[in-house]
Amino acid sequence: MRNVWLVMLREIGVRVRRKAFIVSTVLTPILFAALMLLPAFLMYLDSGAHYTVGIVDRSDSLGRFIENRENMGFVRLKDCAPKDFEAVVRDSSLSALAVIDSGILSGSRGVTIYAEKTPSVEVKTSIAAAVNDALRAYKMERYSVIPQLDSIMRDVAYKAEISTVVWGAAGEEKASSTELVAAIGYVLGFVIYFLIFASGNMVMSGVMEEKSTRIVEVLLSSVRSVDLMFGKILGVGAVMVIQLLLWGVLTLFFSSVAVQFLPSVGASGMANMLPVGQANGVLGDMQSMLTVARGSFGAINLGAVLLSFLLFALLGYLLYAAIFAAVGSAVEDQNDTGQLMLPITVPLLIALLGLIMVVKSPDGSVGFWLSMIPLTSPVIMPVRVAAGAPLWEVLLSALLLVVTMVVVLWLAARIYRQGILRFGRKHSWKEMLKWIWE
């Protein structure tokens, strides 16, 4: 055990002193902070955009109902030949020309937009919304003989608000949010997938580096191969934990600093960033969602979610790191790992693809079986725990994962012992499996 500890400390010391570790530790939080604030900043820069669109109404019915919008003004034009459309747009300095076809009222035709370049999504969406509102107003006018038709339509279009309540352990009622549970589960599953894949590759690269530089021969003169492998796995895991903690602290720091220099972030900035007619509604929706989210956290067993995340992330890392270490011992060049990596990446990709289905239906058969298979359960089970999976399923999944991890660690150690001192060529899985019994 002492040798494992020494190898682990060596691995940590070597990796944290590398320039790549230092640079990624500093730049990654800056990138995270930028990604969080960039959308708000871009909206702030684009908030003043205004478009002028010409309207040619060949239906002779909708033009008078089309009203200006907050980011777009409409100018009614006389009909002309299609060959003159380009000149009309250029001479009038229009952003685009929208031609309402004569058959729009019967549903056979729609609206054609002419512009010097492909219209943006914002322009197309605003024109479509204006025409749809005009269609609605025209049809409402046709049925004006019906008293109070407008209020009747608004009453019919009412959408019921749906809230969720769950019972706690003592039978108390707690407000819940399906969307919040799904979001937490998806984030946890994706983070575990990223950690397993990234740290596993670090283990494999470290093993290949020591093998190709023949450093491993010096190390094996002092420690056993199994101690070297376990020490490397634990060392890389410790480095990943250290880096994650630093990322979290630095991301919060850089985000708080950036907010001070970005007036568009926050309630007052958001109000300035959006058109006046939308600001109050958007801010009200945001505050309502935040209120619901805060109230819904009480229905989630955060302790169980956090514990399951740590447990399955740790067990999943040990399981896959052992496989990555075994693969690294069988090759000397990163280019030779392609075929050997396939049995490792396929289960992880299946777990990642199944993550969406499990978030949608945590108690479905897909979620149950993916959470029981040890190669996919590290990614899937924390998602189901967030959704309230039964305790016996969690314990069974953890037990299966622990048993599989122990077996895989033993097999990987046998392969590592044979492969780490075999130089000159890459080896296949068939050869690696033979090493187990040698």
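Counting only protein heavy atoms and a probe of 1.4 Å, the accessible surface of the range 336-438 is 73% carbon and sulfur. Per-residue packing, averaged as other Cβ atoms within 10 Å, sorts the ranges 246-252, 352-358, 199-205 into the order 199-205, 352-358, 246-252, beginning with the highest. Along the range 215-228 the Karplus relation, 6.51 cos²θ - 1.76 cosθ + 1.60 evaluated at θ = phi - 60°, assigns HN-Hα couplings of 5, 4, 5, 5, 5, 6, 6, 10, 10, 6, 4, 5, 5, 5 Hz to successive residues, with x for each Gly and Pro.
Take the alpha carbon gyration tensor of the range 368-418, find the square roots of its eigenvalues, order them as a ≥ b ≥ c, and report rounded if a/c is under 1.5; if not, report prolate when a/b exceeds b/c, else oblate. Could you put the intermediate results ahead of the total?
On the way: a/c = 3.96, a/b = 2.81, b/c = 1.41.
Since a/c reaches 1.5 and a/b is larger than b/c, the shape of the range 368-418 is classed as prolate.
Listed by chain and number, the lysines whose alpha-carbon sits under 21 Å from that of Lys117, ignoring those within fewer than 8 places in the same chain, are Lys83.
Gain in length, Ser102 to Glu67, computed as 0.36 nm per residue apart minus the alpha-carbon separation, to one decimal in nm? Provide the component values of the computation, followed by the final result.
Values: separation 35, 0.36 × 35 = 12.60 nm, distance 1.94 nm.
Stretched out fully, the Ser102 to Glu67 stretch lengthens by 10.7 nm.
Among the trypsin sites (Lys or Arg not before Pro) within the range 355-430, those in coil by DSSP and having at most 11 neighbouring Cβ atoms inside 10 Å are Arg425. Distances between placed amide hydrogens fall under 5 Å for Tyr51 paired with Met72, Gly73, all partners being 5 or more residues away or on another chain.
Solvent-accessible surface (1.4 Å probe) assigned to Asp57 amounts to roughly 20 Å².
For the range 305-406, the equivalent ellipsoid built from the Cα gyration tensor has semi-axes of 27, 15, 10 Å, listed from largest to smallest.
Per-residue counts of other Cβ atoms within 10 Å, averaged by peptide: what ranking do you get for 399-406, 320-327, 6-13, 371-378, highest first?
Numbers: 399-406: 15.8, 320-327: 27.0, 6-13: 17.2, 371-378: 22.9.
My ranking of the peptides, most packed first, is 320-327, 371-378, 6-13, 399-406.
Between Leu400 and Leu310, the simple label model (points 7 Å from Cα in the Cβ direction) yields a spacing of 2.5 nm. Cβ-Cβ distance of Phe190 and Leu6, R₀ of 30 Å, FRET efficiency by 1/(1 + (r/R0)^6): the value works out to about 0.30.
Which value, in nm² and rounded to one decimal, describes the direction-averaged projected area of the C-alpha convex hull of the range 193-251?
Numbers: hull surface 18.6 nm².
If you wrap the Cα atoms of the range 193-251 in a convex hull and average its projections, you get 4.6 nm².
For the range 75-82, backbone phi angles converted through the Karplus equation (6.51, -1.76, 1.60; θ = phi - 60°) give residue-by-residue couplings of 10, 7, 10, 6, 5, 8, 6, x Hz, Gly and Pro being listed as x.
Find how much the distance from Val75 to Gln339 grows on full extension, using 0.36 nm per residue of separation minus their present alpha carbon separation; answer in nm with one decimal.
Working: separation 264, 0.36 × 264 = 95.04 nm, distance 6.29 nm.
This chain segment gains 88.8 nm when fully extended.
Computed from the C-beta positions of Val26 and Ala198, the FRET efficiency with R₀ = 22 Å rounds to 0.80. Peptides 188-198, 74-84, 25-35, ordered by how many other C-beta atoms sit within 10 Å of their residues on average, highest first, read 188-198, 25-35, 74-84.
The values are calculated or read from the model by the stated rules, or taken from the named source; none is laboratory data. As the structure is a computational prediction, the values presented were derived from the model and not from experiment. Quick reminder, even Gly has a Cβ in these numbers, built from the backbone with ideal geometry, and neighbours come from all protein chains shown. Areas reflect the complete protein model, heavy atoms only, side chains present, ligands, DNA and RNA absent. Shrake-Rupley method; radii C 1.70, N 1.55, O 1.52, S 1.80 Å.
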